[in-house]
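> Let me give you the structure first, and then I'll get to my questions.
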Amino acid sequence: MASSMSSLYKAQFALRLCEYHDKKDLHAYCKTCEKKYCSICIKEDHNQHDWETITDILREKRRSLPVECTKLRTTKLKDLKNEIDRFDRKIQTEDVRFKRNKSVLNSSRKSYIDNINKLFDYKIEVCRQKSEEAIQMYSEERDGLKRVVEHIEIMTTALDKDIKTIPDHDILDMEKEMKDELEKALSYSAYKYVCTTVFVPGVMDVQALENMIGELHSVSVEEMYDIDRNSDALQLVKPVS
């Protein structure tokens, strides 16, 4: 395991090889040219430079890398780990936010549905009462008209059948009564009464519904949730009403 890790480390941090001299390691660095070279390049192409400006990369790196690694762990890596923690808190925040929103929406949906059901039940009850009143009124009018019609039928039958035997003064009285009853009968009319309200299927105003639901979560995120950047605690803040 250690050997494989060492091989991986060498593969990741291997020095570049020279393209001109049998792929030799570019282990030297010319400070004058600010470039890396192999030992042959230094001897052949940089012999005019002061050798004090050329340092061995490996020796320099062995000295500086531990310091750089320590600094990296205590600064950049620490900051990056803090950023990872912030991501974790963000994930936790979103999870809490979703669960809260789901709870609010489900509760509001139940409340809205209950209120809508109550509204429709109320309208149905009002319609039932009005229809019952109308039915009672029409029934009374119908029964009254039936009595008048039956009375007229009796009188017309009697006049037709017994006209010869009916006394003269009774004939005139019966004629007058028959005309009065007929006039009374003609006063009955099912069309002179206004019927109860008739409902037709309606179309839901989706935009109005969305606006109504939108008011549920119109509170800004800053008002709902506040993450203390100096701690790992997730603080839930009550929405501003």
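No value in this document is a laboratory result; all are computed from the given coordinates. Predicted model only: the values in this text are computed from it and were never measured. Neighbour counts are summed over all protein chains in view; Cβ atoms, including those assigned to glycine, are modelled from backbone coordinates with ideal geometry.
> Filter the range 152-191 for residues that are over 25 Å from Ser139 (Cα atoms) and of a type in the set (Asp, Glu); which is surrounded by the most Cβ atoms within 10 Å (Cβ to Cβ)?
Per the stated criteria, the residue is Asp170.
> Would you please list the contacts, defined by Cβ atoms under 7 Å and residues six or more apart or on different chains, that run from a residue in the range 123-145 that is in a helix (DSSP H, G or I) to a residue that is loosely packed, with under 13 Cβ neighbours inside 10 Å?
Ala134/Cys195; Met137/Tyr193; Tyr138/Ala190
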